[in-house]
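Student: Got a structure for you, written out below as structure tokens; questions coming shortly.
The values are calculated or read from the model by the stated rules, or taken from the named source; none is laboratory data. Every value quoted in this text rests on a predicted model; they were computed, and no experiment measured them. Methodologically, a virtual Cβ is constructed for each residue, glycine included, from the backbone with ideal geometry; neighbour enumeration extends over all protein chains shown.
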Amino acid sequence: MVTLGLLVKMEAKPGKDSEVEELLLSALTMIRREANTTAWFAIRFGRSEYGIFDVFPDEAAREAHLSGPVAKELLGQADVLFTEPPRIQKVDILADKLPVTTPNEPDTKALLLTFKAKSGNEQEVEQFLRDAKPLVEAEPDTTAWFAIHLDDGEYGIFDVFPDHTGRFKHLTGHVPRELAKHALSLLGSFPDPSLPNLLAEKLGE
């Protein structure tokens, strides 16, 4: 069971994209040694925009990761590789879908969707996200899915897929339709979607 997470965003300096990608790929070896980092994803949002999303069973595991070798490596090279220090947001996991075993092939696509709850409707939004779990569990091409509450007050969804087809099926499936149906009554902002590529993942290990 996972309860907490981190969303990290970084912007590479001009000409540093390949070095940032190499750093993220090399971090996977260290992450695999962190038994209490349940899942970890290195993400490329677009040109020069990168990120990490990872989840943990409890606060002790999250803090151990934040003081571990990957965080030290990222922060240690921040002046050389990034336009500014990595932005680290703490995340509460409201609901999740995790694979029982490691996927046969690594996932290549992801979705990050964030939005604000309409003032006073926070509990309804959280319940909506929790109720989405059985819908996502019925999607065989959605490998992992997380309903999240970020430390800036926004809510969202992060999920990963084996390929573009799996992501497209999810985007045209039940959860987005239900979200659109309730948008006017529950949401304080239009959902902000990102369709990043996955560079590396630890999942089901």
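Student: Among the numbered criteria (1) under 23 Å from Thr102 (Cα atoms); (2) in a strand (DSSP E or B); (3) of a type in the set (Asp, Glu), which one does Glu34 miss?
Tutor: Glu34 satisfies all of (1) under 23 Å from Thr102 (Cα atoms); (2) in a strand (DSSP E or B); (3) of a type in the set (Asp, Glu) except (2).
Student: Looking only at the stretch 168-175, decide whether some residue is farther than 19 Å from Phe45 by Cβ, assigned to a loop (DSSP other than H, G, I, E, B), in contact (Cβ under 8 Å) with a residue 12 or more places away in the chain and hydrophobic (A, V, I, L, M, F, W, C). Before you say what the answer is, go through the steps one by one.
Tutor: Initial filter on the stretch 168-175 (farther than 19 Å from Phe45 by Cβ): 169, 172-175.
Applying the additional criterion that residues be assigned to a loop (DSSP other than H, G, I, E, B) yields 172-173.
Checking which are in contact (Cβ under 8 Å) with a residue 12 or more places away in the chain leaves us with 173.
Then keep just the ones that are hydrophobic (A, V, I, L, M, F, W, C); that gives none.
No, every residue in the stretch 168-175 fails to be farther than 19 Å from Phe45 by Cβ, assigned to a loop (DSSP other than H, G, I, E, B), in contact (Cβ under 8 Å) with a residue 12 or more places away in the chain and hydrophobic (A, V, I, L, M, F, W, C).
Student: In addition: With the requirement that a residue be surrounded by fewer than 19 Cβ atoms within 10 Å (Cβ to Cβ) and either within 21 Å of Leu199 (Cα to Cα) or in contact with a His (Cβ under 8 Å, 6 or more places away or on another chain) (or both), what does the stretch 98-108 give you?
Tutor: Leu98, Pro99, Thr101, Thr102, Pro103, Asn104, Glu105, Pro106, Thr108, listed by residue number.
Student: Further, regarding this structure: Enumerate the pairs (first residue in the stretch 26-49 and at negative phi; second residue anywhere and of a type in the set (Val, Ile, Thr) and part of a loop (DSSP other than H, G, I, E, B)) with beta-carbon separation below 9 Å, excluding pairs fewer than 6 apart on the same chain, so at least 6 apart or on different chains.
Tutor: Ile31/Thr37; Thr38/Val2; Ala39/Val2
Student: Exactly one of these conditions fails for His149: (1) surrounded by fewer than 16 Cβ atoms within 10 Å (Cβ to Cβ); (2) under 28 Å from Leu24 (Cβ atoms). Give me its number.
Tutor: The one condition His149 does not meet is (1).
Student: Pairs only if they're at least six apart or on different chains, beta carbon under 9 angstrom, first in the stretch 118-135 and of a type in the set (Val, Ile, Thr), second surrounded by fewer than 16 Cβ atoms within 10 Å (Cβ to Cβ) and part of a helix (DSSP H, G or I); list them, first residue then second.
Tutor: Val125/His182
Every residue, every condition in (1) of a type in the set (Ser, Thr, Tyr); (2) modelled with pLDDT of 95 or more; (3) touching a helix residue (DSSP H, G or I) at 6+ places or on another chain (Cβ under 7 Å); (4) part of a loop (DSSP other than H, G, I, E, B), yes or no:
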| site | (1), (2), (3), (4) |
| --- | --- |
| Lys72 | no, no, no, no |
| Val91 | no, yes, no, no |
| Thr101 | yes, no, no, yes |
| Ala110 | no, yes, no, no |
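Student: Being charged (D, E, K, R) and under 23 Å from Gly5 (Cα atoms) narrows it down to one of Asp163, Asp92, so name that one.
Tutor: Asp92
Student: Still on this model: Based on what the data block shows, is Leu23 under 18 Å from the mean Cα position of the chain (by Cα) and of a type in the set (A, V, I, L, M, F, W, C)?
Tutor: Here the answer is no, as Leu23 does not meet what is asked.
Student: Another question, then. Here's a check for you: in the stretch 46-68, which residue that is in a strand (DSSP E or B), modelled with pLDDT of 95 or more and of a type outside the set (Asp, Glu) is farthest from Thr102 (Cα to Cα)?
Tutor: Tyr50
Student: Which one of these is more than 15 Å from Pro196 (Cβ to Cβ), of a type in the set (Val, Ile, Thr) and surrounded by fewer than 20 Cβ atoms within 10 Å (Cβ to Cβ): Val70, Val80, Val91?
Tutor: Val80
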